[in-house]
Amino acid sequence: MSENNEWGQPDPAFQQPQQPAQPPSQAPVPGQLQPQTKIKHKLENEDIIPIILSIFLPGVGHIMAGQTLKGAAILAAVVLTCFMGATLSLLVAADCYFVVMCKKDRPVGDWEFFPDYNRYI
């Protein structure tokens, strides 16, 4: 059954499902971004180990967190530059932190950098 009859007029037998009305205080405003709820997870012991390893040997923490290709690429870049890339180890450790925290909610892509950054700061 369609919502219009053969002449294009609304068919009285067709009724669209009624949606519950939202209270005016919770009605979304068009064009306005809705605030995201922040999820608070706690770091566990098995989460801290990859982050610590990323500080001292960048890339190994990502391999432990499940991003093997990305971790191998970071480790290879650090070794090929004679450990000059180790100066970025805090940035790599921060990325590893976000990967570990995000994996508690959803799967993380192999080449995903700083996943869900705004959610965990």
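Looking only at the range 100-112, how many residues end up being open to solvent by 20 Å² or more (accessible area, probe 1.4 Å) and within 17 Å of Asp47 (Cα to Cα)?
Looking only at that region, the number is 6.
What are the pairs, 6+ residues apart or on separate chains, where a residue within the range 82-103 that is free of Cβ contacts under 8 Å to residues at least 12 places away in the same chain and over 12 Å from Gly59 (Cα atoms) has its Cβ under 9 Å from a residue that is part of a helix (DSSP H, G or I) and open to solvent by less than 100 Å² (accessible area, probe 1.4 Å)?
From the range 82-103, the pairs are Met84/Val78.
Just the residues that are open to solvent by 50 Å² or more (accessible area, probe 1.4 Å), under 13 Å from Glu112 (Cα atoms) and of a type in the set (Phe, Trp, Tyr), please, taken from the range 64-99.
Of everything in the range 64-99, just one residue is open to solvent by 50 Å² or more (accessible area, probe 1.4 Å), under 13 Å from Glu112 (Cα atoms) and of a type in the set (Phe, Trp, Tyr), namely Tyr97.
The values are calculated or read from the model by the stated rules, or taken from the named source; none is laboratory data. Just so it is clear, the model here is predicted, and its values are computed rather than measured. Don't worry about glycine lacking a Cβ; one is built from the backbone with ideal geometry, like all the others, and counts go over all protein chains shown. All accessible areas refer to the heavy atoms of the entire protein, side chains included, with ligands and DNA or RNA removed. Shrake-Rupley method; radii C 1.70, N 1.55, O 1.52, S 1.80 Å.
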